[in-house]
Each structure stands twice: as C-alpha cells, then as structure tokens.
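The values are calculated or read from the model by the stated rules, or taken from the named source; none is laboratory data. Just so it is clear, the structure is predicted and the values come from calculations on it, not from any experiment. When we count neighbours, we look across all protein chains shown, and the Cβ atoms used for this are built from the backbone with ideal geometry, even at glycine.
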Amino acid sequence: MDMYLVNALTEALHNAQKLGGSALAMRDTDQLILVIAQSNKQLQTAEQVLALHKKELATVHQELADARQTIQQLEIASTNREGYTLVEIASGVLAYRWLAQTAARGSHKESKAAPEFFCQHCMDCGLKSALQHLKAEAGGTPFYHCPICKKEFPANLSVTRRRLAGHSA
Ligand SMILES: [Zn+2]
C-alpha cells in the first residue's frame with residue numbers, strides 16, 4: 001500500500017471515529033442522523049481505499065508468481081546448459097555443442113551417432129533440442145532444422161566454429 005492510500009485510510013477512519021465520538025453527546029435526533037450518515041460516508045471511503053489496496057496486492061502477488069516462474073525457467077535452462085558451449089555454426093548463427101564432444105572432436109572417441117548441435121533458442125527456454133542436419137535439394141545449401149521450434153539454420157561449415165568467450169558453461 002502506498003503512502004497516499006495509507007493517508008486516505010487513516011484520515012477516513014479518524015474522521016469516522018471523531019464523528020461517532022461527538023454524536024454520543026448529542027441530544028438532537030436530526031443532528032445525530034446527519035452525523036451517522038457522515039460517519040458512514042467516511043467508513044465507505046475507508047472500504048474503497050481497502051478495496052484499492054486489495055487490487056494492488058493481487059497485482060503484486062501475480063507479479064511475484066510470474067517472477068518465480070521466470071526464475072524457475074532460468075534455473076532449468078541453466079542446468080540444461082551445463083556441459084555445453086555456445087558455438088557459431090554459420091555466420092551469426094549460434095548453437096550449443098556438448099563440451100565432451102568438443103573435447104573428443106577429431107579423436108577416436110568422437111561418436112558419429114551423437115547429435116552435434118543443439119538449438120540455442122530451445123536450450124535457453126529449458127528444452128534440449130538436437131538440431132537435425134538436412135541435405136538440401138539439388139543446388140541448395142544444406143541446413144539444420146530444430147524439431148521443437150521448427151526453425152531452420154544454414155549449415156555453412158566453412159565458417160570457423162569459434163567458442164564464444166564467457167559462454168562456456
Ligand atoms: Zn529450437
């Protein structure tokens with residue numbers, strides 16, 4: 001609740017109490033009815049302020065829940081990315097590569113069956129998606145296809161696959 005709401009609520013309750021206090025000493029019924037009406041109006045104001053506060057509180061609760069969900073997704077994405085490094089598979093196109101495979105590259109330990117690259121977009125969303133290397137139709141360039149987000153990336157293997165500093169997990 002912000003200070004404006006706190007002040008409005010305090011003032012309304014204070015006024016209602018003051019009016020009620022002065023009404024106790026009154027003998028004139030007409031005046032008493034008037035004071036009761038004024039007092040009720042102040043209580044109505046207090047209720048309106050509280051209703052506003054409730055709405056604000058609900059918004060804050062929703063924002064908190066959204067933030068928690070985002071953090072959870074980031075934690076999942078971070079866990080999924082452990083052991084992977086970001087590499088450039090074509091000019092300006094990034095993908096994740098399993099670190100163990102990067103280390104084994106060129107040696108007899110490298111597994112031909114293991115997927116080579118993983119979709120950066122999907123990994124960042126917490127989904128592990130191995131890119132499929134697809135051969136293009138006659139004359140076209142081969143490309144990578146993500147089975148989850150359905151994005152396609154050029155498979156320009158002449159581009160140096162450089163590890164990006166600061167992105168190795
Ligand atoms: Zn994807």
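Segment 97-169 holds no strands (runs of 3 or more DSSP E) entirely within its bounds that carry 3 or more residues that are away from the ligand (no atom under 13 Å from the Cβ) and modelled with pLDDT under 65. Counting the residues of segment 38-73 that are surrounded by 11 or more Cβ atoms within 10 Å (Cβ to Cβ), under 23 Å from the mean Cα position of the chain (by Cα) and of a type in the set (Asp, Glu) gives 1. Hey, does segment 62-70 have a residue that's assigned to a helix (DSSP H, G or I) and closer than 21 Å to Cys146 by Cα? Within segment 62-70, not a single residue is assigned to a helix (DSSP H, G or I) and closer than 21 Å to Cys146 by Cα.
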